[in-house]
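The values are calculated or read from the model by the stated rules, or taken from the named source; none is laboratory data. Computed from a predicted model, the values in this text were never measured in an experiment. Neighbour counts run over all protein chains shown; Cβ positions are idealised from the backbone, glycine included. Areas reflect the complete protein model, heavy atoms only, side chains present, ligands, DNA and RNA absent. Shrake-Rupley method; radii C 1.70, N 1.55, O 1.52, S 1.80 Å.
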Amino acid sequence: MRRPGRSAPLSWLVPAVWTGGALPAVILVWDALTGALGANPVQRATLQSGLLTLALLLLSLACTPLRLLTGWTWPARIRRALGLLAFGYGTLHFLIYLYDHGFTLGVMQEDVLERPFVTAGFLALLLLLPLALTSTPASVRRLGFRTWTRLHRLAYAAAALGALHYFWGVKQDRTAPLVWAAVLLGLLLLRWYRPSRPMS
Amino acid sequence: PVAQVRRPRPLGPYDTKEAVTPYRSVTTYNNFYEFGLDKGDPARNAGSLRTRPWTVTIDGEVKAPRTVDLDTLQSWFPLEDRVYRMRCVEGWSMVIPWMGFPLAALIRRADPTGAARYVKFTALHDPEQMPGQRRPVLDWPYVEGLRLDEALHPLAFMAVGIEGRVLPNQNGAPLRLVVPWKYGFKSIKSVVRITLTREMPRTTWALAAPSEYGFYANVNPQVPHPRWSQATERRIGEGGRRPTLLFNGYTQVADLYRGLDLRRNF
């Protein structure tokens, strides 16, 4: 229902997602500068940036199931912003980890090679990199829609690895990581049960 | 009003000269799952713990098992200050000025039989006072243990205070163990029972995750945790990381572990 004289419907939507998505990063930096991250700010910032990565990644994966279930088209328009925000927070998470270890690559190498908990997180971020690099409409045209779609299914693998990373990362109470994993599984099932609808 | 001047007391033979961690950090950043899993939960939730009256049962392989009121027990020993490093298995550390008495004094007073080889410590189990125990996160009550010779080492300590003040609830009031050469989880909080045993006690974290937490739990930079290196640590309040030292720098305990493979007995 487009009214004449108005710009594109929901034109505020994508800027709002970017603004809202960047807000936690601003708060994180503010808290770090004011000492509000508690006695162990690095650990706290690591945990928060990691959780934000997973949350945004799952939100980006929820867009298509939501569109298929409801018929709304707006979720498709915010998917790119959510995915890029997830990649941004994942990168921040990785940079905080590197900062924690004084940017000594030897420690990172040992962690990635010998500790499955770190390997999973590292691979998740690595899988997101080509997706971030091919997130533009121009990339869709260049790769062809079919190839692009197949490539971007890697987001599910990245989310699964991210959830596993979280699961392996907690010390004892695994309730929260299992809830995230269940949400991811639910999103996957929603995709599989609605294959007949045309994509995007 | 007269200004209170705290005169720095002379350092004892067991004290570290390193800078003491801010009291606020020591009392707001705690692992005490009986009051919640977040580091801030114990400071928020431990108000429900009633620390008086408090009794401690001393039993097992002792000549006269008994249950004693904590104030009585405390009166048996002169209180001492000990400034110890505390290294958490998670990779952070603090310097804490404990107040209390040597564990060895308590063990000798308990008068173990010749059969005693281990000391088992049991924490309070009361979900009414300890809301974290309403969920089966760990197998409650929390249990820890030491070999008898470890328990008799002069560094092993029972704390009832920090910095001359009564132990805050979130730090394990009213009575806790402090074993500075072992990872922090060995230093059990809110102790109600001390049992001399013949067998190695089955301790809480070693039961919960046997591949990650052993009975000994000696601080050792050479033996990584399955999920992270133990080579370095973040001292709370400091930037950067510092190298972790074998036995948390308390090399005088090395004799206790002669001939023991520290990789296998982690």
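Once you have the Cα-Cα distance between A:LEU133 and A:ALA157, take 0.36 nm times their residue separation minus that, and quote the gain in nm to one decimal.
Extra length available between A:LEU133 and A:ALA157 comes to 7.0 nm.
Do the alpha carbons of any pairs in B:LYS120/B:LYS186; B:LYS63/B:LYS186; B:LYS17/B:LYS39 sit beyond 21 Å of each other, and which pairs? Let's see the in-between values first.
Details: B:LYS120/B:LYS186 11 Å; B:LYS63/B:LYS186 26 Å; B:LYS17/B:LYS39 27 Å.
Where the Cα-Cα span goes over 21 Å, the pairs concerned are B:LYS63/B:LYS186; B:LYS17/B:LYS39.
Shown here: the protein assembly as shown, whose C-alpha atoms stretch 90, 58, 44 Å along the first, second and third principal axes, sorted largest to smallest. Backbone phi angles across the stretch A:90-100, fed through the Karplus curve with coefficients 6.51, -1.76 and 1.60 (θ = phi - 60°), yield HN-Hα couplings of x, 5, 4, 4, 5, 5, 5, 4, 5, 4, 4 Hz in residue order; Gly and Pro are listed as x. Estimated from helical segments only, the mean residue ellipticity of chain B at 222 nm is -3000 deg cm²/dmol, where each DSSP H run of four or more residues counts as -39500 (n - 2.57). Derived scalar couplings between HN and Hα for the stretch A:172-185 equal 9, 7, 9, 4, 4, x, 5, 5, 4, 4, 5, 4, 4, 4 Hz in order, rounded to whole Hz, by the Karplus curve 6.51 cos²θ - 1.76 cosθ + 1.60 (θ = phi - 60°), x for Gly and Pro. In sequence order, the stretch B:253-266 has phi-based couplings of 8, 4, 4, 5, 10, 4, x, 9, 6, 6, 6, 7, 9, 8 Hz under the Karplus curve 6.51 cos²θ - 1.76 cosθ + 1.60, θ = phi - 60°, and Gly or Pro positions carry x.
The coefficient of translational diffusion for chain B, derived via Stokes-Einstein from the alpha carbon Kirkwood radius under 20 °C and 1.002 mPa s, stands at 113 µm²/s.
Across the stretch B:190-266, the volume of the C-alpha convex hull divided among the residues equals 150 Å³ per residue. Shown here: the stretch B:64-210, whose C-alpha atoms stretch 36, 36, 30 Å along the first, second and third principal axes, sorted largest to smallest.
Could you calculate the FRET efficiency of B:ARG9 with A:ALA182 from 1/(1 + (r/R0)^6), where r is the beta carbon distance between them and R0 is 51 Å, rounded to 0.05? It would help to have the intermediate numbers written out before the result.
Details: r = 55 Å, r/R0 = 1.09.
It comes out at approximately 0.40.
Between the amide H of B:ARG235 and those of B:SER93, B:ARG242, distances stay under 5 Å, these residues lying 5 or more places away or on another chain, with hydrogens modeled in the peptide plane. Our estimate of slack between B:LEU148 and B:GLU128, defined as 0.36 nm per intervening residue step minus the Cα-Cα distance, is 3.9 nm.
Zone of B:SER25 (label point 7 Å along Cα→Cβ, backbone N under 17 Å): which residues in the stretch A:42-75? It comes to A:42-46, nothing else. Helical runs (DSSP H, four residues minimum) scored at -39500 (n - 2.57) apiece and divided by the length of chain A put the mean residue ellipticity at 222 nm at -26500 deg cm²/dmol.
Amide H to amide H distances under 5 Å link B:VAL192 with B:THR122, B:ALA123, B:LEU124, where only residues 5 or more positions off or on other chains count and H is placed in the peptide plane.
Distance between the 7 Å Cα→Cβ label points at A:THR91 and B:ARG66: 6.9 nm.
Legend: Rg and Dmax of chain A, from Cα coordinates, 18.3, 61 Å. Each residue was assigned an accessible area with a 1.4 Å probe, and for A:ARG77 the value is about 100 Å². Scanning residues 5 or more positions from B:LYS182 or on other chains, those with amide H under 5 Å from its amide H are B:VAL219, with H placed 1.01 Å from N in the peptide plane. For chain A, the fraction of 1.4 Å probe accessible surface lying on carbon and sulfur atoms is 70 percent. On full extension, the segment bounded by A:MET108 and A:THR34 gains 23.7 nm, given 0.36 nm per residue less the C-alpha separation.
For the stretch B:25-66 and the stretch A:121-200, what is the separation of their C-alpha centers, rounded to whole Å? The distance from the Cα centre of the stretch B:25-66 to that of the stretch A:121-200 comes to 43 Å. When a 1.4 Å probe is rolled over the protein heavy atoms, the share of accessible surface on the stretch B:1-143 that falls to carbon and sulfur comes to 52 percent. On a straight-distance basis, which aspartates and glutamates could pair with A:LYS171 in a cross-link, Cα separation under 17 angstrom, same-chain partners fewer than 8 positions away excluded? Cα-Cα hits under 17 Å: B:GLU34, B:ASP38, B:ASP41, B:GLU90, B:ASP139, B:GLU212. Solvent-accessible surface of chain A, averaged per residue with a 1.4 angstrom probe and all protein chains in place: 58 square angstrom.
Annotation for the A:B interface, with buried accessible surface near 1700 Å², both sides summed [1.4 Å probe; non-protein components not counted].
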